[in-house]
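**Q** Handing you this structure, nothing more for now.
Only the coordinates and a few stated rules stand behind these numbers; no lab work does. Just so we're clear, the structure is a prediction, and the values are computed from it rather than from any experiment. We place every Cβ from the backbone using ideal geometry, glycine too, and count neighbours over all the protein chains shown.
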C-alpha cells in the first residue's frame with residue numbers, strides 16, 4: 001500500500017467557479033508562447049499547454065536556421081545552447097500525429113537505417129542537410145525533436161549519438177515516472193505539491209479530441225489556484241484530527257493498455273479536501289464529492305501510462321446521472337413515507353397492511369417506480385401484489401423503541417444506483433446505504449422488535465385528502 005501526505009483543504013468551490021469561468025470564456029484559454037522568432041509559424045495554432053517541459057535531459061553542448069512546418073503540431077519551442085546549434089521541439093496531442101508528420105517529412109533516402117542506429121530508426125529518425133544546415137529529426141514521446149547545427153561543425157555520427165542519448169534519457173524518465181499507473185499517480189501528486197504545471201499536464205493521457213483539448217486548457221487555467229491552496233493551507237487546521245492521507249494500492253488492469261486505481265482517503269476524508277484529487281473530481285464533473293474514494297482510469301500509450309481524460313469524464317458524467325436518479329428515487333420514498341403517515345392518521349395510527357392502501361393518499365402512482373429500474377413497467381394502478389421498484393416491510397407496528405432505525409421500505413435491487421439501496425425508515429427519513437450496510441441493518445430489524453416497545457411519534461401531516469373515485 002502506497003501513501004502520500006498531500007496538501008489538503010477544501011477548495012472545490014473555488015475550482016468549480018473557476019471552471020465555469022474558463023468554460024464560459026474559451027478565448028481566455030489560449031496559451032501564449034515565446035517562439036524565438038517562430039511566432040508567425042504557429043500563428044494559426046492554439047497551443048494546448050503553456051510552460052511545456054522537455055521529455056528528456058538536455059545533452060551537452062553541441063543560430064537561427066530554417067525550420068520545417070509540421071502541420072499537426074500544436075506548439076513549437078526552440079532551445080539554443082551556443083552559437084553552434086540548437087534543439088527544436090514540436091509538441092503534439094498524441095504519438096500517432098507526431099509519427100504521421102515525421103513519416104511525411106522524412107523521405108526514404110534520408111532515413112536513419114537500423115545499421116546506423118536501431119534506436120533512431122525505431123523513432124522515424126532522419127538526417128537532412130540543406131542550406132548550410134545539418135539537421136537530425138526523430139519522434140520522442142508526443143514530440144518531434146530536431147537537432148540543427150551548421151554544416152561541417154558536427155559529424156552525422158555525433159548527431160546520432162546525441163539523439164540516442166536523448167531517447168535513452170526519455171526512457172529512463174518514463175520508467176521512473178510513468179511506467180505503471182501507480183507511479184504515474186505518485187508523479188501527479190508530487191507535481192501538484194511542487195506546482196509543476198508542465199508535469200501535472202503530462203500525467204494526463206489525451207486522445208487528441210476536442211473534448212480532451214478543452215479539458216487540458218481548463219486544467220491549465222486552474223494551475224495558479226494550486227499556489228493559493230498551499231498558502232491557505234498554512235492557515236488551515238484540522239484541529240486534533242490528522243490531515244487526511246491519500247492511499248492507493250496495486251492498479252487493477254482492465255486490458256493490456258487500460259487500468260484503474262482506487263484512490264482512498266483515510267480518517268473519513270472527503271474527496272474535495274486534497275487538491276490533487278479535487279482536480280480529478282473537477283475533470284470528472286463531480287460537483288459534490290461525498291464519497292471517501294474515487295476510481296481513477298489510466299491508459300497506456302507506448303510504454304507510458306497517463307490518467308485517461310476521456311474515461312475520467314465519461315465516468316464522471318455517468319456518476320452525475322446516477323446521482324440524479326438516486327435523488328429522484330429518494331424523493332419517491334419520501335412521498336410514500338408521507339402517504340403512510342396520512343394513512344396512519346386516518347386509521348388509528350396503524351400501519352397499512354399493503355401498499356395498495358396508500359393509493360388514495362398519492363397524487364401519482366409513478367412514485368412506486370425508481371427511474372433507474374428498467375425491469376418494472378409503468379405503474380398506473382396499485383393493486384395487492386403489483387410489482388414495484390420497492391419492497392414494503394409488512395407486519396410492522398408503530399410501537400417500536402427507535403422508529404429512526406426501523407426499515408419500512410427499500411429498493412428491490414442494489415443495482416439501481418450501483419451496489420446499494422435507498423431506504424425509507426419509520427420516522428420518514430430516507431437514506432442511501434451500501435449493500436453490505438443495508439444487509440446489516442436488515443439483520444438488526446428482528447432484534448429491534450424484541451426490545452420493549454414505545455409508541456412512535458407520528459409526525460403531523462396535512463389533512464388527508466383522498467382521491468375522488470369515479
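**Q** Based on other C-beta atoms within 10 Å, arrange 293, 123 from fewest to most.
**A** Sorted ascending by nearby Cβ count, the order is 293, 123.
**Q** How many percent of all Cα-Cα pairs in the range 336-450 sit more than 26 Å apart?
**A** 17
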